[in-house]
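Encoded as structure tokens, the structure appears first; notes follow it.
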Amino acid sequence: MEKHKPLWARKISKLQAEIGSLKVDGKNTFSKWEFISSNQLKSHLNSLLPSVGLICIPQVIDHEESIFKTKKGDENTRTIVTMSFEIMDTETGYSYKSEFRGADSDNSKSYAQATTDCFKRFWFNLLCIAEKKEDSDFKTTGQQKRSELKTTLNRMVTAFKTLKISKSDLEEKVKKSFASFDSNDVDKLKEYYEEVKDGSN
């Protein structure tokens, strides 16, 4: 089965490139912080996983609960869950398994929220998902655009590594240093990636 691992890795790289970043679409009005909802993440995964021939089987394998007192003296419940995630390639049967932990505190929903937290954190880490805020001033700054370009390029370098193509190889392909790459070069690299990937299958 190990011979199928490179193909599995290429599929994960493709997922990373496809998702990139997700917009912040949820808000905790009590704690006043914003977040990426699990519904949005699951919606993307439900569409993208089958498109590359992968399936994910999550399972809670352990959990622990503890009671603590808040600053107001009220009792609250904190739940920590341990989940296993099996990501299987439906074409080759190659399977990757990993365990991850998540936690949350709530009197009536701590278990469900801890499970959601674990699921989100696993995928955020595996696919390097970044937050994308909808603040117009934030989006249009030159600094933000350069940051997004750098993030995209770094993801592409990671994807090319699975095809045994180094950063120096990409510099040779584009005929300029990596630090000078712009959005047009990104488009060229995307086309190049598809060509090389198709040729390696």
request  = Give the shape of the chain as rounded, prolate or oblate, defined through the alpha-carbon gyration tensor: a ≥ b ≥ c are the square roots of its eigenvalues, a/c under 1.5 means rounded, and otherwise the shape is prolate if a/b is larger than b/c and oblate if not.
outcome  = oblate
ask   = At a Förster radius of 45 Å, what calculated FRET efficiency corresponds to the Cβ-Cβ distance of Asp169 and Lys69, to the nearest 0.05?
value = 0.15
request  = Counting only GluC sites (Glu not before Pro) that are in a DSSP loop and have at most 13 other C-beta atoms within 10 Å, tell me the longest site-free stretch of the chain.
outcome  = 1-90
message = I need the trypsin sites (Lys or Arg not before Pro) found in segment 1-93, filtered to DSSP loop residues with at most 13 other beta carbons within 10 Å of theirs.
response = Lys32, Lys71, Lys72
message = Given the options Gly73, Gly102, Ile129, identify the residue whose Cα lies farthest towards the positive end of the charge dipole of the chain (+1 on Cβ of Lys, Arg; -1 on Cβ of Asp, Glu).
response = Ile129
remark   = Answer in debye to the nearest 20: the dipole magnitude of the chain about its Cα centre, from +1 Lys/Arg and -1 Asp/Glu charges placed on Cβ, is 440 debye
key: Loop-located chymotrypsin sites (Phe, Trp or Tyr not before Pro) in segment 1-44 whose Cβ has at most 16 other Cβ within 10 Å (DSSP)   = Phe30
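Bear in mind that the values in this text are calculations on the coordinates, not laboratory data. Not measured: the values here are computed from a predicted model. Cβ: placed from backbone, ideal geometry, glycine included. Neighbour counts: every protein chain shown.
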